[in-house]
Amino acid sequence: MMRKFVRKAIFPVGGLGTRFLPATKAMPKEMLPVVDKPLIQYAVEEARAAGIEEFIFVTGRGKSAIEDHFDSNSELKYALLGRGKLDLWGLVEDTILPPGKVAYTRQPEPLGLGHAVWCAMPLIGNEPFAVILADDLIQADTPCLQQMIEAWQDTGGAMVAVMDVPPQHTNRYGIIDYGQQPAGESDRNALVPVAGIVEKPDPASAPSNLAVIGRYILDPSIFTALDAKNRGAGGEIQLTDALAHYIGKIPFHGMRFDGRRFDCGDKVGFIEATLAFALARPEMAAHLRHSLPKLLGGVMPR
Ligand code: G1P
C-alpha cells in the first residue's frame, strides 16, 4: 500500500489564557515553559517527529512572541558561538522553523476552535492535515501524532485522539459515541469507530466518557461544514460539530493513544506536567526524587 502523508499542521494559538493571569497578561499562554521549553515547542516537536513539514499558527493579538520563538536570532547566535557555547546554540537552533514552511494567520475574533481552524483554510488547500492543541501535552515513547499517522495509514479518513475521562468531566470535552461494543472490547482496541460526537455534554446526557484530546487528522471536507459558521456549545463555532459531518461519509476513528496526557490549560495539570517532564530528565530526576517526598511531608528540603 502506498504511504499516505500528512504534511501540514495547524496550531490554534489565539486563546487569551485567562486561567493563567497575571502570567499571561503580556505573554502568550503557549509560551509558558514546562521545565525549559515553551508548551508550543512541545507541540511543534511532536508534529516534526510525525513528519509534518508545514506549520500553520492561527494567532491573535499579543502572540508575536511565538513568531519570534520559531525565528532565527542572529544576535543570540553570535553571542553564544562567540563564547563557545555550542550546546546552548544547538538548543536554540532546534527551535528555528525552515523558511517558507511556517505561516501565521490571525483569528480576528475568538469565535471558537472551529473558527480558528477555518481561518487556516486557504493555507491548507485540498489535502489531509493535522491539528494540535498545545494545551494538551502528551508524554509518550512514540509521539501521539506519530501513533495516529501510523494507524491512519490503514484507515484513512479522519481521526481524533481519545481517552477515558471521569464521567463527571464530560462537560469539558468533545465526547464520542462509539456505539455498541462488547464489554472490555474498547480497552483492547486502539481504534474506535466514531458513531457520534458531541461537544461538552452534561454527564447525564453524555453518550460515553471517551473524550477527544487535542490531536486531530482531518480531511479537508471539514471546511465545507465549518463554512456554515453554525454556533454550537457556548455560542462558539465548534470543531466538534463540524467533525460530526464526517459520520457516515468517510472513515472516522478515535485512537486510544499510548501515553500520558496533561491538561496544561489548567494550573494543576500544568504543575503535574512540569513534574512529569522534569522527572524524565536524568539531570534533575535524582534531586527531585529526593526533595519531593519532603515537600509532600510538609518538610522543606535543605
Ligand atoms: C477543545 C475541544 C474539545 C476537546 C478539547 C481537548 O476544547 O473543543 O472538543 O475535547 O479541546 O482538550 P477546549 O479545551 O478548547 O475548551
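The values are calculated or read from the model by the stated rules, or taken from the named source; none is laboratory data. What you see is a predicted model, and the numbers here were worked out from it, not measured in a lab. So basically every Cβ, Gly included, is an ideal-geometry build from the backbone, and we count neighbours across all protein chains shown. SASA here: full protein model, heavy atoms, side chains in, ligands and nucleic acids out. Shrake-Rupley method; radii C 1.70, N 1.55, O 1.52, S 1.80 Å.
In a residue-by-residue description of segment 273-296, the property of being modelled with pLDDT of 95 or more, buried (at least 17 other Cβ atoms within 10 Å of the Cβ) and within 14 Å of the ligand (Cβ to nearest atom) applies to at least one position. Scan segment 192-220 for residues that are polar (S, T, N, Q) and crowded, with 19+ Cβ neighbours inside 10 Å and the total you get is 1.
On the basis of being open to solvent by 30 Å² or more (accessible area, probe 1.4 Å) and modelled with pLDDT of 95 or more, does Leu133 make the cut?
Details: open to solvent by 30 Å² or more (accessible area, probe 1.4 Å): yes; modelled with pLDDT of 95 or more: yes.
Considered against the rule, which asks whether it is open to solvent by 30 Å² or more (accessible area, probe 1.4 Å) and modelled with pLDDT of 95 or more, Leu133 comes out as yes.
Out of segment 143-176, which residues are touching a helix residue (DSSP H, G or I) at 6+ places or on another chain (Cβ under 8 Å) and over 20 Å from Cys264 (Cα atoms)? Answer for segment 143-176, where residues must be touching a helix residue (DSSP H, G or I) at 6+ places or on another chain (Cβ under 8 Å) and over 20 Å from Cys264 (Cα atoms): Gln146, Gly157, Ala158, Met159. Of everything in segment 25-45 that is open to solvent by 10 Å² or more (accessible area, probe 1.4 Å), within 15 Å of the chain's Cα centre (by Cα) and aliphatic (A, V, I, L, M), the residue that is nearest to Cys264 (Cα to Cα) is Leu32.
Set side by side, the residues Gly82, Gly60 differ, and just one is of a type in the set (Gly, Ala, Ser) and open to solvent by less than 20 Å² (accessible area, probe 1.4 Å), which is Gly60.
Residues of segment 226-270 that are within 13 Å of the ligand (Cβ to nearest atom), polar (S, T, N, Q) and either free of Cβ contacts under 8 Å to residues at least 24 places away in the same chain or part of a loop (DSSP other than H, G, I, E, B) (or both): Gln238 alone. Which members of segment 108-118 meet the condition of being at pLDDT 95 or above and either open to solvent by 20 Å² or more (accessible area, probe 1.4 Å) or among the β-branched types (Val, Ile, Thr) (or both)? Within segment 108-118, Leu113, Val117, Trp118 meet the criteria.
Condition test on Arg19, is it touching a residue at least 40 places away in the same chain (Cβ under 8 Å), of a type in the set (Lys, Arg) and either part of a helix (DSSP H, G or I) or closer than 20 Å to Ala140 by Cα (or both)? Full working, then the answer.
Values: touching a residue at least 40 places away in the same chain (Cβ under 8 Å): yes; of a type in the set (Lys, Arg): yes; either part of a helix (DSSP H, G or I) or closer than 20 Å to Ala140 by Cα (or both): yes.
Answer is yes for this residue.
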